[in-house]
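J.: Attaching a single structure in structure tokens format; questions to follow.
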Amino acid sequence: MTERMSAPLPEPVSQWLRHLELNRRYSPHTLSAYQRDLQQLIVIADGKPLDQLVNGNIRHFLARLHGQGHGPRSLARMLAAWRGFFKWWAPLSGMPANPAADVRAPKASRALPKALSVDQTQALLEAPVLVAQQDPISLRDRAIFELFYSSGLRLSELVSLDFEYTQTKAHTSASWVNLPDHDVHVLGKGGKRRSVPIGAQALNAIHQWLGVRQQLALPGATGSDGVALFIGARGRRISPRVIQAQLAKLAILAGLPTHVHPHVLRHSFASHVLQSAQDLRAVQEMLGHANISTTQLYTKLDFQHLAKAYDSAHPRAGRKSE
């Protein structure tokens, strides 16, 4: 199979890949993936000319590949490459139709978002290594992590926050905190704006951070860096990578048995609010989900939580009938 997968490509396939490279400016990574997917088509076609393939052949090939262990996401990617090739080549070769046009790959199940338990979240946010330190970096990190969990923000949204609304020639705030009203105004995905409350713990942590922010700020900083809520050690608006690294390090020091990234705190916020309030629409609004079906994933997390509680508490939950 390996030798056949490295065999020379038919000229039409090579022409299409050159077309994507020169005219569509596709990246080398994308072109390499398309080449592998089309080589897979050539191998499984087993000598049948590409211009003789019909809809039934494509469906049969996908079924065989699925049976060989290829997952839904892998098959969907292959099908997209095949469909794109035939969309370009079918009219040039005189084929009556694109044989992959209306074929669908097996549906991939949506993975449940990962969330910490309430106890794990408390252990993270109350880790001695975090709360005992009063230096600017520690106070900044505490405010960042408290705000993530308090308001369920995306990483990009938190990085974009200003400490107040600003409109100047150099910068206009897209997202900002409104500390007097205890809320945060965010411009999220798709240009959708929302307001989310800030909890008391996060509010207190932000006030403590703002009390020392000037120690990291660039003297005379203007524009975006001058009003950024969170800044790095060099005084510029903080980088997402810095937040990711700081959170991962804290999780290890706090003894958590899992890798923690910013989106885990967003998921934990959603899961815990839903467990307490049972208000799916409110959680949807706070997360900024355009479609409630995305928010409904958290109801499955909630059910998992209840199922674990049942298994551990019910006297006959784990017993087999005799």
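J.: For Asn178, enumerate residues with amide H under 5 Å from its amide H, sequence gap 5+ or separate chain, H modeled in the peptide plane.
T.: For Asn178, the qualifying residues are Asp183, Val184, His185.
J.: If the chain between Asp181 and Lys249 were fully stretched, how many nm would it gain, using 0.36 nm times the residue separation less the Cα-Cα distance?
T.: Full-extension gain reported as 21.2 nm.
J.: Less than 14 Å from a label point 7 Å out along the Cα-to-Cβ axis of Val212: which backbone N atoms in region 132-148 qualify, by residue?
T.: 132-144, by backbone N distance to the label point.
J.: What's the exposure ranking of Met78, Met95, going from fewest to most Cβ atoms within 10 Å?
T.: Ranking Met78, Met95 by Cβ neighbours within 10 Å, fewest first, gives Met95, Met78.
J.: Now a separate question. Please state the equivalent ellipsoid semi-axes for region 111-206: what are the square roots of 5 times the Cα gyration tensor eigenvalues, largest first, in whole Å?
T.: 25, 18, 11
J.: Going by how many other beta carbons lie within 10 Å of each one, how would you line up Arg154, Arg64, fewest first?
T.: Listed from fewest to most nearby Cβ atoms, that is Arg64, Arg154.
J.: Per residue of region 81-93, what does 6.51 cos²θ - 1.76 cosθ + 1.60 with θ = phi - 60° give for ³J(HN,Hα)? Whole Hz please, x for Gly and Pro, Karplus curve as stated.
T.: Each residue's phi maps through the Karplus curve to give 5, 4, 4, x, 4, 5, 4, 7, 8, 4, x, 6, 9 Hz.
J.: Here is a further query. Using label points projected 7 Å from each Cα along Cα→Cβ, tell me how many nm separate Ser32 and Gln133, to one decimal.
T.: 3.7
J.: In nm, to one decimal, how far is the modelled label at Ala45 from the one at Lys189, with both set 7 Å along Cα→Cβ?
T.: Rounded to a tenth, the inter-label distance reads 3.6 nm.
J.: Figure the gain on full extension for Asp102 and Ala200 (residue separation times 0.36 nm, minus the Cα-Cα span) and round it to one decimal in nm.
T.: 30.0 nm
J.: How many nm is it between the label spots at Val118 and Leu92, if each spot is 7 Å from the Cα in line with the beta carbon?
T.: Label-label distance for Val118 and Leu92, simple model: 6.2 nm.
J.: Ok, one more. Calculate, axis by axis, the spread of Cα positions in region 2-93 along the three principal axes, and write the results as whole Å, longest axis first.
T.: Answer, in whole Å and largest first: 36, 27, 24 Å.
Every read-out reported here was derived from the displayed coordinates using simple, explicitly stated rules and does not represent laboratory data. Keep in mind it's a predicted model, so treat the numbers as computed, not measured. Because the Cβ atoms are built from the backbone with ideal geometry, glycine has one as well, and the counts that use them run over all protein chains shown.
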